[in-house]
Structure formats: structure tokens, C-alpha cells
Amino acid sequence: MENISLDSDRQYLTLHIPVSEYNIDEEKIFTYFNESKGSRYWFKSKDGTYNVVGINYIESMWRNKFQPELVTASKNALYAKLQQEALGDDLKSKLSLFGGTLFDDKDTTDEWNDFKMVEFQLPEWQFDLKNQEVFLTRSKEGLNTDGLLEEIDQILTEIEETEITEKEKPVVKSKRDIFPKEWKGLVEEAVNNLNDEFKKVVLARQKLITFESKAKRLYLIRRLKDEADTYTIYYEKNKSTFVSKTPEKLFSIDGEVLNTNAVAGSIQRVDDQEQNKVQTDFLLNDEKNLFEHRVVRESIVNDISPFSEGMNYKKNPLLMKNKYIYHLYTPIQAMLKAGADEFNILKEIHPTPAVGGLPKALAKEYIKEHEYGTRGLYAAPLGIIHEDKECEFAVGLRSMLISARSATLFAGCGIVKGSDPEAEFLETEVKFTPMLNVLEATTNELHTSTDGTNV
């Protein structure tokens with residue numbers, strides 16, 4: 001610390017420190033910082049690229065409209081306030097911001113008032129649990145660096161020694177679908193509006209869970225660790241908490257390489273292995289699912305082609321295995337052109353046809369005008385960004401929004417010509433299952449997907 005000279009032009013000092021000598025994990029961090037409710041996040045990649053916990057938001061970059069150039073300017077302005085100092089050799093992490101955008105700019109209902117259209121958080125504490133490193137960011141105003149390392153060591157030691165006790169399960173008081181008859185009517189109306197130009201629209205519905213007492217956030221953290229092969233997104237903002245166990249990556253950038261995948265086409269996964277073989281064989285050979293998958297893949301390829309010098313992907317989709325559902329997916333890799341940036345790509349690629357419809361603009365407008373409620377962060381891009389364009393975004397599916405004594409769960413399905421409202425209603429029950437499982441309020445009403453949609 002004695003070798004660090006404070007830069008008067010920078011508002012914050014960020015220390016980058018290795019913490020491999022401390023035995024800390026997500027549960028210990030959230031338990032220790034229990035008084036920081038409303039200012040915490042956890043983002044874990046499906047493949048383990050990132051496992052990041054942020055505590056105590058000290059500043060955010062946000063916009064009321066998603067204009068890529070202005071968002072980039074806001075990001076650069078925030079990073080310009082930081083004096084970053086590495087206190088160790090061979091450190092691997094980069095200081096990141098966590099956040100994303102709402103699904104669209106529809107006027108938000110009261111339940112989404114805690115979240116802005118575009119918002120990314122800079123936390124005081126950022127734990128990189130994959131690389132065992134931590135960033136501590138403090139305002140320089142009134143900062144005394146004498147004893148700061150001792151303070152950090154004490155806090156990390158206290159986190160390590162935090163006792164993990166059995167967390168209280170939320171007691172479910174009621175569970176009901178929101179506007180079920182009206183939603184089925186909306187599906188029927190959408191089917192009648194589809195034509196050769198307007199081919200598909202994804203419609204979402206909601207399920208409301210109420211609790212006997214306030215939902216215990218520490219219980220949710222433990223439950224979220226159970227399921228592999230998905231992203232973990234846990235995002236507290238003021239009095240709201242958004243939770244997602246999504247299987248779907250939107251895209252990531254590492255250097256000049258962009259990776260994304262098309263995910264469309266799904267079928268239920270059951271306990272019987274022989275039946276699962278029947279299910280997967282059907283999915284891999286079903287013309288309707290394969291057609292829907294090709295449409296999504298081609299749309300994504302078209303979206304990123306203006307930013308790319310070349311792409312690689314296979315003709316035939318692979319099988320993605322999740323705890324409750326199988327999906328068809330195609331990995332896509334692109335070499336980016338010089339000057340391509342994450343926010344222009346994000347605006348172009350979101351929403352994919354798997355969460356919006358076709359054509360994209362028409363489907364997005366239809367959802368905005370006709371769908372019940374506001375999607376907010378459901379099916380929206382959420383993830384990690386860095387000072388350069390390195391980033392990773394997931395799509396906020398298999399998700400819920402938690403308030404004090406209730407949780408609103410979201411699920412949707414793709415509506416095409418011939419879709420049956422009752423069948424589509426039942427099919428969404430499969431997609432409620434991950435969040436019901438997190439709450440231990442599971443349902444046995446699982447059904448086969450019929451529309452090639454991953455919402």
C-alpha cells in the first residue's frame with residue numbers, strides 16, 4: 001500500500017487482491033453481508049467462466065433508453081473514475097459491472113419500479129470465486145489507507161469463519177395462475193392474427209406464489225446452488241429480487257471472438273431413462289422442432305453478421321440437457337470486426353426469435369401492446385461487462401421476481417399457426433418448474449413442448 005500514490009483525478013480506489021488463502025463461498029458471503037439486502041448480486045456462468053458475487057452498490061451506470069453509444073459513454077465515464085491497483089502477481093480477474101436491460105421499453109408496472117431500462121452496478125466488494133480474487137472499491141473522499149489491508153484481512157477472515165446454519169424454508173400460502181382464461185384468449189387471438197408475414201409470437205404468462213412470512217434470501221442462495229448446467233442469476237435491487245436459472249446464453253465476447261448459440265426446440269426430461277431416450281430421439285428428428293430451430297439460428301446469424309468477419313457453426317443441432325428439459329441448440333462462433341462493441345451487438349441480437357417471435361420487430365411490438373403485465377427482466381439480457389468489450393450475457397428465463405411476501409414466476413411459449421391455447425397453457429408448466437423447485441413448491445404438471453420455443 002505504501003507504494004500506491006492516490007490519483008486526485010480519480011474518484012475511487014479499487015484494490016485487486018488474491019484471496020485463495022481464505023475459504024469463502026457464496027453462502028458465507030451472503031450470510032456475512034446479510035445487512036446489505038437490496039444491494040447484492042450473484043452471476044454464475046453455465047460453463048463456469050464467471051462466478052461473481054457483488055456486495056454494496058456504490059455507483060451504477062444507467063440510461064432510461066437503450067442507445068448503445070450513450071451506454072458506452074456511461075460505461076467509459078464510470079471506469080474513468082476508478083484508480084485500479086493490483087496487489088499481487090499473476091492476477092487473472094478483471095473488474096466488472098453487473099446488470100442488463102429490461103426486455104423492452106413498455107411502461108413498467110409497480111413490480112419493476114426498482115429496475116431501470118439499462119443499468120449496471122459497481123459494487124464495493126466484488127468476489128471472483130472462480131479465480132479466488134476480490135476487488136474492493138472505496139471512495140477516496142476521507143479515505144485513510146493506513147490499516148486498510150488489515151481491515152480487508154479481518155473482514156475476509158470473518159467471512160471464512162461465518163457459521164452456515166440451516167436456512168428457513170419459505171412456507172407457501174397460495175399458488176395461482178394470473179389471468180389464465182384471459183391468457184388463453186390472447187393465444188387464440190394471436191393465432192388468428194398470424195399470417196405469412198407475421199409467423200410467430202412468444203407469449204408469456206405469470207404464476208403468483210404467496211408466503212406466510214417474508215421470503216428468506218439466504219434460503220434461496222442455498223437452493224440456487226443445487227442445479228448444474230444453467231446460469232445462476234440472483235439480483236437484489238432495493239426491495240426486489242430477480243432470480244433466474246436460465247439455460248440460455250445470449251452471447252459472450254473474449255478478445256475478438258464472439259460466442260453465442262441458438263436454443264429452440266424443447267421436450268420434457270423425465271426420470272425414466274428409456275422414456276428419455278424416446279423423448280430425445282423424437283426431438284432430434286421432429287421436423288417442426290428442427291424447422292423452428294433453423295429459423296432461430298438463421299435469425300441470430302443474420303443479427304451478428306454485420307459485426308463479423310466470419311462464422312463457424314454446425315448444420316445439425318446438438319442436444320442440451322437440463323434438469324427438467326432437453327433443448328436443441330447450435331453453438332455459433334464469430335470473429336469480430338475491428339470496432340464492433342458489445343452494446344451495438346446486444347441491441348441487434350435481443351430479443352431472439354426464441355423469446356420474441358418472427359419477424360422480430362413485429363413480434364416485439366405485439367408483445368408490448370397485447371401481453372398481460374410487463375416482462376421487465378424476464379427474457380431480458382443480464383450479465384457481466386468489463387472496461388474493454390469482454391462480456392457475457394444470458395437471457396433471463398426460468399425466472400421469478402420476489403418481493404417481501406410473494407414471488408411472481410414467468411414462463412412463455414411460441415405461438416404459431418395451429419397452436420392450441422390449452423396445450424400451450426399446459427406446456428408452460430414445465431418452464432415454471434425450476435423456480436418452483438427453488439422455492440420447493442413444485443408441481444407434477446409437466447408436459448411436452450410443441451412449439452420449438454425455449455421461454
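The values are calculated or read from the model by the stated rules, or taken from the named source; none is laboratory data. Owing to the predicted nature of the structure, the values given are computational and were not obtained by experimental measurement. Virtual Cβ from ideal backbone geometry, glycine too; neighbours counted across all protein chains shown. Accessible surface areas use protein heavy atoms only, side chains included; no ligands, DNA or RNA. Shrake-Rupley method; radii C 1.70, N 1.55, O 1.52, S 1.80 Å.
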Between 0 and 90°, nearest 10: helix 180-193 axis offset from the chain longest Cα axis: 70 degrees
In degrees, nearest 10, range 0 to 90: what is the angle between the Cα axis of helix 68-79 and the longest Cα principal axis of the chain? 30 degrees
Let's see if you can work this out: charge +1 on each Lys and Arg Cβ, -1 on each Asp and Glu Cβ, no other charges. What is the dipole magnitude of the stretch 1-109 about its Cα centre, in debye to the nearest 20? 400 debye
Less than 24 Å apart at the alpha-carbon level, and either on another chain or at least 8 residues along: which lysines does that give for K214? K28, K37, K167, K169, K173, K175, K225, K237, K239, K245
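When ligands, DNA and RNA are left out and all protein chains stay put, how many square angstrom of accessible area per residue does the stretch 245-364 have with a 1.4 Å probe?
Values: 5210 Å² over 120 residues.
Per-residue value: 43 Å².
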Under the 7 Å Cα-to-Cβ spin-label approximation, E387 and N76 lie apart by a distance in nanometres of 1.4 nm
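Heavy atoms only, probe 1.4 angstrom, no DNA, RNA or ligands counted: give me M61, M117 ranked by accessible area, highest first.
Details: M61 5, M117 25 Å².
Ranked from most to least accessible, the order is M117, M61.
About its Cα centre, what dipole magnitude does the stretch 383-430 give when the only charges are +1 on Lys and Arg Cβ and -1 on Asp and Glu Cβ, stated in debye to the nearest 20? Don't jump to the answer; show the numbers that get you there.
Values: 4 positive and 9 negative charges, 42 e Å.
The calculation lands at about 200 debye.
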Do any trypsin sites (Lys or Arg not before Pro) in the stretch 192-269 lie in a DSSP loop with no more than 15 other beta carbon atoms within 10 Å, and if so, which? K214, K216, K225, K239
If you place +1 on the Cβ of every Lys and Arg, -1 on the Cβ of every Asp and Glu, and leave all else neutral, what size is the dipole of the chain about its Cα centre, to the nearest 20 Debye? 1340 debye
Where does the longest stretch of the chain lie that holds no GluC sites (Glu not before Pro) found in a DSSP loop with 14 or fewer other Cβ atoms within 10 Å? 257-439
For M320, what accessible surface area do you get with a 1.4 Å probe? Give it in Å², rounded to 10. 10 Å²
Positive dipole terminus of the chain, leading residue within A215, P68, L149 (C-beta point charges): A215
Through the Karplus equation 6.51 cos²θ - 1.76 cosθ + 1.60, θ set to phi - 60°, convert the phi angles of the stretch 90-107 into ³J(HN,Hα) values in whole Hz; use x for Gly and Pro. 6, 6, 9, 6, 10, 4, 10, 10, 10, x, x, 10, 6, 4, 8, 9, 4, 3
Which one of Q268, V257, S244 is farthest out on the positive end of the charge dipole of the stretch 164-298, using unit charges on Cβ (Lys, Arg +1; Asp, Glu -1) and the Cα centre as origin? S244
